[in-house]
1. Taking the Cα-to-Cβ direction at A:D103 and at A:N75 and moving 7 Å from each Cα, how far apart do the two end points lie in nm?
2. Taking the Cα centre of the range A:331-422 as origin, sum charge times position over the Cβ atoms of Lys and Arg (+1) and Asp and Glu (-1), and report the length of that vector in debye to the nearest 20.
3. Using a/c under 1.5 as the rounded threshold, could you call the range A:331-422 rounded, prolate or oblate? The axes a ≥ b ≥ c are square roots of the C-alpha gyration tensor eigenvalues, and prolate needs a/b larger than b/c, oblate otherwise.
4. Suppose the chain between A:E423 and A:D338 were pulled fully straight at 0.36 nm per residue; how much longer would it get relative to their current alpha carbon spacing?
5. Express in whole angstrom the spacing between the alpha-carbon centres of the range A:343-408 and the range A:203-279.
6. What FRET efficiency comes out for the pair A:I263/A:D364, r = Cβ-Cβ distance, R0 = 41 Å, nearest 0.05?
7. Considering only Cα-Cα distances, which of the following residue pairs are longer than 22 Å: A:K370/A:K419; A:K13/A:K254; A:K73/A:K107; A:K254/A:K293?
8. Provide the net charge surrounding A:Y381, with neighbours chosen by a C-beta distance below 10 Å and charges set as Lys +1, Arg +1, Asp -1, Glu -1.
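Nothing in this text is a laboratory measurement; each read-out follows from the coordinates by a stated rule. In this text the structure is predicted, and so the values were computed from the model without any measurement. With ideal geometry, Cβ positions are generated from the backbone for all residues, glycine too; neighbour counts draw on all protein chains shown.
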Amino acid sequence: MKAHQLQLEEAAKRDHRRLGAELDLFSFPEEIGSGLAVFHPRGGIIRKVMEDYSRKRHEESGYEFVYSPHVTKANLFETSGHLEWYAEGMFPPLKLDEELDDDGNVKRQAQDYYLKPMNCPFHCLIYKSQARSYRDLPLRMFEFGTVYRYEKSGVLHGITRARGFTQDDAHLYVARESIEVELTNVLNFVLELLRDYGLTDFYLELSTKEEGNPKFVGDDDIWVEATQTLERVATNSGLQLVPDPGGAAFYGPKISVQAKDAIGRTWQMSTIQLDFNLPERFDLEYTAPDGTKQRPVMIHRALFGSIERFFGVLTEHYAGHFPPWLAPVQVVGVPVADEFSSYLHGIASELRAAGVRIQIDDSDERMQKKIRNHTMAKVPYMLIAGAEDQSQGAVSFRFRDGTQINGIPRSEAVARILKDIAEKVQV
RNA sequence: GCCGACCUGGCGCAAUUGGUAGCGCAUCGCACUUGUAAUGCGAGGGUUAGGGGUUCGAGUCCCCUGGUCGGCUCCA
């Protein structure tokens, strides 16, 4: 009971909505609309670093980058089936190019355009843009795709549940026989990347078909095969596997990665979803070695889910104390008095040249006040310099928890900071 | 979306039974030039989410719209 109370208090302190305002990361201006966020410079830099690193890793892992528009004619979502089973989750259509005659009757029917709630149909069109060979597979398309979903007002929750958000979305088109290899790679990739962002405690959930329910598409044999494959891959990962019978989408089974945060809460992070439906609907095929036309299987996967949501989860996981590589301002230099400012600026330019986000607090506040301000801003390192440090060519560290190390030689200080950032460690 | 609560300067809060908005932080200016969580003084900034109504008079009462929060349901 008391523990529960403490847990709630801790959660409230970490609430990303609160920290988002306190740390000036993002906001939801009423003028824009419910569930639609803007990222401020400090949140923007964190997001950029997150995205940059993700892009780099995707590039290294054989993904190709694609881009698709935010709006499309209804036709595309009719083909994909989204308008049939997902329409209430979509923003209502924009009616374009309607023409009326003099009597006000419709002369030319309006064309409906929708904001996209998903990226997959676009990627399928890219797949279809040319004849595909088995040699093209697996084809891995990645996009930071911004989508819009008309979430019910009561479910909106800061940046973790919004109406506009950006998925780190990838679709892999694979031959049926290479599903296992590809899934293994994807799962490893996902886990590795999540660990880089600081989440380390995972378990997996396997969502499977509900027996006897006719809504599921695809032959039984491919379901059985795919489900067994997913299970094998999941088991081989060595992580705990929790069954979720009946939890599969109608178009395929999935594995989801559940991560525990710093205070033990579980968040569903990445999903790896097999899809037998869209390849069918878009009539996707490739030419096999024997010359026959074959249908690829699609793997949907997002490892952040959405960047915004992941951002929110990390904010709460770290309680706003982002590790140096993600922190908006990584280092603040605080001179004991004005005369030591230029000395710190010298160190700053050295760090800045190495890509470090450092500021020198030259304001005329008192030193204690500066320390207070930057502590509350959760800056990972404060470098303080006064007469003693300057005369020794050194600098003093102050960390977020209040601990300090004085008289660190300048070169050592620089090296330490660069190393921490490069290794993505928390301090 | 449903049920309930709430919405006062950038942020956090005050305003007796309805009587014409205050404080702290932040901001700006001046002075202070300081060894590890808040230097002092001064100034500017709100007509109380938006609209309508009741009233001699509304931040305080009623209605509508928007937004927020909690719960339900759902989800990335």
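1. That separation, rounded to one decimal, is 3.0 nm.
2. About 420 debye.
3. Working: a/c = 1.37, a/b = 1.11, b/c = 1.23.
Rounded, since a/c falls under 1.5.
4. So the extension gain works out to 27.3 nm.
5. A separation of 49 Å, based on Cα centres.
6. The value I calculate is 0.55.
7. Long pairs (Cα-Cα over 22 Å): A:K370/A:K419; A:K13/A:K254; A:K254/A:K293.
8. Numbers: positive: A:R398, A:R400, A:R416; negative: A:D420.
Charge balance near A:Y381 sits at +2.
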